[in-house]
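Since every read-out is calculated from the coordinates, none of them should be taken as a lab result. What you see is a predicted model; the values in this text were computed from it and never measured. Please note: Cβ atoms are built from the backbone with ideal geometry, for glycine as well, and neighbour counts cover all protein chains shown.
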Amino acid sequence: MLSSLGSKTFHQITNFGKFVLFAANTLREIFGFKYKFRLVFEQVVHLGINSIPIVTFTALFVGMAFSVQVVTELLRFGAPDLVGGVVAIAIWRELGPLLTGVVIAGRVGAAITAEIGSMKVNEQVDALNVMGQDSIIYLVAPRVIALFLLLPLLVGLADIVGFFGGLLVAISTSMINYVSFFSSANTMLNSFDILSGLIKAAVFSLVISLNATHLGLNVQYGAQDVGKKTRKSVVISIVIIFGLNYVLSVLFFAT
């Protein structure tokens, strides 16, 4: 049992080391501007436009559901003027970046892993290398850059939609008007709250894209392994996003 545990631990450490080297190599190529802007633009369109509907609907209903809870409790304690501020802080600081990151990890991260994994199984990646095309520059860097640019924009969209979803629920109670809602949000929400959410989005984008591309390039055993790596990509990205969200929240607001 101890031998098996030690072997698995050593294997995980080795895999983590390979991922760190892969991430460092990818970032070096990106900062060296060796990628093609055309490929980045294609990925922006492919990954970004198709993600807008699911991000919008998710943010809308999360904002509405959260507002229901906040309105109920604050009305019970006689503090309806705080509803707008509480909803704004919760969405811009936490709910917007976190849930958008999870949605994108499930949708975009899985798609990237499956796409690159299928290319690996069909030996298209090997063909690129034979033709002198670096797979990191051709396949990885455009997706990493595209998601790095897209996720903060999608988080900003989710924050706005979620905030107005909360507003709709709040004013539907007929005990809170939109003037007090916006006044409370303007008083309690500051620019750093908005900036912190966008910083989280940028960090989450690197986690999703680097993890998805790394696992896609490491597919080895055919179609079955593509599914396994795709599932693993989503699970790992979501777990890391939740962990990093806590760490960043502590750094931003508890220190």
For the chain, the charge dipole (Cβ of Lys, Arg +1; Cβ of Asp, Glu -1; about the Cα centre) points to a positive end, and the Cα of VAL87, LEU74, SER135 closest to that extreme belongs to SER135
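Place the peptides 154-162, 181-189 in order of packing, highest mean first, counting for every residue the other Cβ atoms within 10 Å and averaging per peptide. Could the numbers behind the result be given before it?
Values: 154-162: 23.6, 181-189: 17.4.
Result, highest mean first: 154-162, 181-189.
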Explain nothing, just compute: Karplus ³J(HN,Hα) = 6.51 cos²θ - 1.76 cosθ + 1.60, θ = phi - 60°, for every residue of the range 119-127 in order, whole Hz, x for Gly and Pro. 5, 5, 5, 7, 6, 6, 5, 4, 5
Sequence-separation-based contact order of the chain, relative, with Cα cut under 8 Å and 6+ spacing, percent: 33
Pick from GLN69, GLN124, GLN220 the residue whose mean-square fluctuation is largest in a GNM of the chain, springs joining Cα atoms under 10 Å. GLN69
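Report the chymotrypsin sites (Phe, Trp or Tyr not before Pro) located in the range 40-107 that are in a DSSP loop and have at most 11 other Cβ atoms inside 10 Å of their Cβ, or state none.
Values: sites: PHE41, PHE57, PHE61, PHE66, PHE77, TRP92; in loops: PHE77.
Filter output for the range 40-107: PHE77.
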For the chain, the Cα gyration tensor yields equivalent-ellipsoid semi-axes (√(5λ), largest first, whole Å) of 40, 20, 16
Step through the table entries LYS18/LYS229; LYS36/LYS229; LYS8/LYS120; LYS36/LYS200, compare each Cα-Cα distance with 19 Å, and write down the pairs that go over it. LYS36/LYS229; LYS8/LYS120; LYS36/LYS200
